[in-house]
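What follows is a single structure, written as C-alpha coordinates, with notes after it.
The values are calculated or read from the model by the stated rules, or taken from the named source; none is laboratory data. None of the values given here were measured: they were computed from a predicted structure. When we count neighbours, we look across all protein chains shown, and the Cβ atoms used for this are built from the backbone with ideal geometry, even at glycine.
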Amino acid sequence: MPFDIVFADKKTNLTGLQLADLVARPLGVNYLRPAQANQAFELLKRKFYCDGGRTRVGMGYENVGLMIYPPQKAKSPDEPTEAITPTRNPQST
(Lines give C-alpha, C1' and ligand atoms only; values in the text may rest on other atoms or scores of the structure.)
Protein backbone atom coordinates (compact mmCIF):
# COMPACT_ATOMS: atom_id res chain seq x y z
CA MET A 1 0.00 0.00 0.00
CA PRO A 2 1.27 3.51 -0.74
CA PHE A 3 0.27 4.71 2.74
CA ASP A 4 0.06 3.44 6.31
CA ILE A 5 -3.33 3.17 7.96
CA VAL A 6 -3.38 4.72 11.42
CA PHE A 7 -6.31 4.21 13.77
CA ALA A 8 -6.65 7.12 16.21
CA ASP A 9 -7.86 6.69 19.76
CA LYS A 10 -11.58 7.36 20.14
CA LYS A 11 -10.78 10.27 22.47
CA THR A 12 -8.93 12.06 19.68
CA ASN A 13 -10.91 15.04 18.44
CA LEU A 14 -10.59 14.90 14.66
CA THR A 15 -12.22 17.72 12.73
CA GLY A 16 -12.60 15.63 9.58
CA LEU A 17 -14.55 12.96 11.44
CA GLN A 18 -16.80 15.55 13.04
CA LEU A 19 -17.53 17.00 9.61
CA ALA A 20 -18.22 13.53 8.19
CA ASP A 21 -20.65 12.84 11.05
CA LEU A 22 -22.46 16.14 10.46
CA VAL A 23 -22.87 15.38 6.75
CA ALA A 24 -23.60 11.64 6.91
CA ARG A 25 -26.84 11.78 8.91
CA PRO A 26 -28.70 14.32 6.69
CA LEU A 27 -27.57 12.46 3.55
CA GLY A 28 -28.73 9.13 4.95
CA VAL A 29 -32.09 10.50 6.08
CA ASN A 30 -32.65 12.11 2.67
CA TYR A 31 -31.84 8.85 0.91
CA LEU A 32 -33.98 6.64 3.15
CA ARG A 33 -36.93 9.03 3.56
CA PRO A 34 -36.86 11.57 0.70
CA ALA A 35 -40.36 12.89 1.48
CA GLN A 36 -39.42 13.80 5.07
CA ALA A 37 -38.47 17.44 5.79
CA ASN A 38 -34.70 17.70 6.18
CA GLN A 39 -33.36 21.23 6.76
CA ALA A 40 -29.76 20.07 7.08
CA PHE A 41 -29.88 18.40 3.67
CA GLU A 42 -31.43 21.51 2.13
CA LEU A 43 -28.32 23.42 3.26
CA LEU A 44 -25.90 20.68 2.20
CA LYS A 45 -27.25 20.22 -1.31
CA ARG A 46 -26.15 23.76 -2.16
CA LYS A 47 -22.56 22.65 -1.50
CA PHE A 48 -22.50 19.72 -3.95
CA TYR A 49 -20.95 20.09 -7.37
CA CYS A 50 -23.89 20.48 -9.77
CA ASP A 51 -24.40 19.72 -13.44
CA GLY A 52 -24.20 23.21 -14.93
CA GLY A 53 -21.79 24.52 -12.29
CA ARG A 54 -22.54 27.42 -9.96
CA THR A 55 -25.41 28.68 -12.10
CA ARG A 56 -27.51 25.68 -11.01
CA VAL A 57 -26.64 25.51 -7.31
CA GLY A 58 -28.74 22.91 -5.51
CA MET A 59 -30.02 21.32 -8.74
CA GLY A 60 -28.65 18.50 -10.85
CA TYR A 61 -26.29 17.16 -8.19
CA GLU A 62 -27.51 13.53 -8.34
CA ASN A 63 -24.79 11.29 -9.81
CA VAL A 64 -22.59 14.38 -10.30
CA GLY A 65 -21.67 15.82 -6.90
CA LEU A 66 -23.59 13.27 -4.84
CA MET A 67 -23.15 9.64 -5.78
CA ILE A 68 -24.72 6.77 -3.87
CA TYR A 69 -22.47 3.75 -4.18
CA PRO A 70 -23.42 1.01 -4.62
CA PRO A 71 -26.83 1.99 -5.99
CA GLN A 72 -29.72 0.55 -4.02
CA LYS A 73 -32.87 -0.90 -5.51
CA ALA A 74 -35.96 -0.96 -3.27
CA LYS A 75 -38.61 -3.50 -4.15
CA SER A 76 -41.27 -1.42 -2.39
CA PRO A 77 -41.34 1.22 0.39
CA ASP A 78 -41.92 -1.50 3.02
CA GLU A 79 -39.21 -3.90 1.89
CA PRO A 80 -35.47 -3.60 2.56
CA THR A 81 -33.22 -2.44 -0.25
CA GLU A 82 -31.11 -4.78 -2.32
CA ALA A 83 -27.65 -3.79 -3.52
CA ILE A 84 -27.11 -3.68 -7.28
CA THR A 85 -23.82 -5.22 -8.36
CA PRO A 86 -21.58 -2.53 -9.90
CA THR A 87 -20.74 -3.16 -13.56
CA ARG A 88 -17.80 -0.80 -13.88
CA ASN A 89 -15.22 1.00 -11.80
CA PRO A 90 -16.41 4.62 -11.24
CA GLN A 91 -12.79 5.78 -10.88
CA SER A 92 -11.81 4.53 -14.33
CA THR A 93 -13.82 7.18 -16.18
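Per-residue answers, yes or no, for (1) free of Cβ contacts under 8 Å to residues at least 60 places away in the same chain; (2) hydrophobic (A, V, I, L, M, F, W, C); (3) not in a helix (DSSP H, G or I):
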residue: Gly16; (1), (2), (3): yes, no, no
residue: Leu19; (1), (2), (3): yes, yes, no
residue: Leu22; (1), (2), (3): yes, yes, no
residue: Gln36; (1), (2), (3): yes, no, yes
residue: Lys47; (1), (2), (3): yes, no, yes
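Filtered by the rule that a residue be at negative phi and within 13 Å of the chain's Cα centre (by Cα), region 41-65 gives Phe41, Leu44, Lys45, Lys47, Phe48, Tyr49, Tyr61, Glu62, Val64, Gly65. Taken as a whole, the structure places Asp51 among residues that are modelled with pLDDT under 85 and not in a helix (DSSP H, G or I). Would you be able to say whether some residue in region 24-43 is at pLDDT 80 or above and of a type in the set (Val, Ile, Thr)? Checking region 24-43: at least one residue is at pLDDT 80 or above and of a type in the set (Val, Ile, Thr).
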